[in-house]
1. I need the Debye-formula profile for segment 89-154: one equal scatterer per C-alpha, no solvent, reported as log10 I(q)/I(0) at q = 0.15 1/Å, two decimals.
2. What number in nm² do you get for segment 204-327 if you take the convex hull of its Cα atoms and divide its surface by four?
3. For the chain, give the share of DSSP beta bridges that are antiparallel, in percent and rounded to the nearest 5; count only bridges with both residues there.
4. In segment 178-302, how many lysine pairs have Cα atoms under 20 Å apart, counting only pairs 8 or more places apart or on different chains?
5. Give me the Kirkwood hydrodynamic radius of the chain in Å, from all C-alpha pairs, to one decimal place?
6. Please order R162, R205, R142 by the number of other Cβ within 10 Å, starting at the fewest.
7. Could you tell me the center-to-center distance, by alpha carbons, between segment 69-105 and segment 134-173 in angstrom?
8. Just order 216-228, 88-100, 266-278 by mean Cβ neighbour count inside 10 Å, highest at the front, would you?
Amino acid sequence: MKILKNIISVFLILFVVISCASDDEIIDNSKEVTPGVKLVNFSHTLSSCDPTNDTYNYCSDKINSWTNKGVSKMKNQNADVLVVTWNVGEFVSEGGFDRPYNTHKVVLMSSEIESILSNISEWLKGTCLSSGEQSTTLNEYRNYLEKGADVSSQFVICSNSRIVLAAYKKAKNSEEENGIQSFVLHELYHAFQQDLGIQSCTNQRESSSNSNGKAIVEGAAQLFAEIATGEMKGHDGINNLLKQVYNDYQGSKDKSISNGYAWSAGLALMIQRSWLDQSIIMDGSLFHNCKTETDFTNSNQNLLKIKDLWYMIEKDGDNYKFSDQALGK
């Protein structure tokens, strides 16, 4: 599923939720797994942060603090998740891959690429994939690593085995660092969305013209990421989200609710109008039992109203809020 494309600062982040086994089929649980998140980090050479030089340093301790934050929020985290992070260099060209990634300069050494692939290979042995499928998957990832793809995706390997691949340029300031943290948490949240691993739910999202499921998958992930990042960094995540939406859409004639950022604002508005409980987004339970396809289709009149109100955001200095009209005042 190709979903959200958004530019944050000077690097492109592509949010993609993909079933690796097939474009059409999700493999049901065939092996018991131990739920949890494991990190393979090659965006920094040190496992522990240097307390005297911690700024924009993506050591494993720091990224683990992000993933631990995500796990701590979940009502029932039932998947074995592998998060793999590494750096890419400057932008080279658009495209170049079988998925919507762009080509960047490769900054990893050959030995680092082999180490990443070795770690992934070992993890894949515990999934439901056959040896042939594991080999095909590794070859796909090798191509991304060796050719500088700015991979930014969560892959559903099996219904209870997920992998997040996150390649990004080094941050140069706090805003870019917040963007990277939000991006990693966004993709990790996809790994916590349980019904992305349920074929029957996927079929409902794909087949129903009344479904908003794909968009809500993305909107909820971005809303979660903004709130969680804000909690960790000491800023208002909703204000940061509304600022981005305001800047992106106020000058545009197109007010269609067409991408993940728009939908994250729409969901935030539903929360503020008491039409949606924020807790079911933050604990992941919105994506249990295919709730999006029972409670948040076009038969939900409140949701339909949001489609016409989501962009009504006002700026007051550094503060951003929904207008009285959007809030129904």
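Every number in this text was worked out from the coordinates using simple rules, so none of it is lab data. Remember, it's a predicted structure, so these values are computed and weren't measured experimentally. Quick reminder, even Gly has a Cβ in these numbers, built from the backbone with ideal geometry, and neighbours come from all protein chains shown.
1. With no solvent term, the Cα-only Debye profile gives -0.51.
2. Numbers: hull surface 30.6 nm².
Its Cα hull, projected and averaged over all orientations, spans 7.6 nm².
3. Numbers: 19 of 38 bridges.
Among the beta bridges of the chain, antiparallel pairing accounts for roughly 50 percent.
4. Working: K214/K255; K214/K291; K233/K243; K243/K253; K243/K255.
Close lysine pairs found across segment 178-302: 5.
5. Values: mean 1/r = 0.0494 Å⁻¹.
Computed over the chain, the radius equals 20.3 Å.
6. R142, R205, R162
7. Rounded to whole Å, the Cα centres lie 5 Å apart.
8. Values: 216-228: 26.5, 88-100: 14.0, 266-278: 19.3.
Most protected by this proxy first, the peptides run 216-228, 266-278, 88-100.
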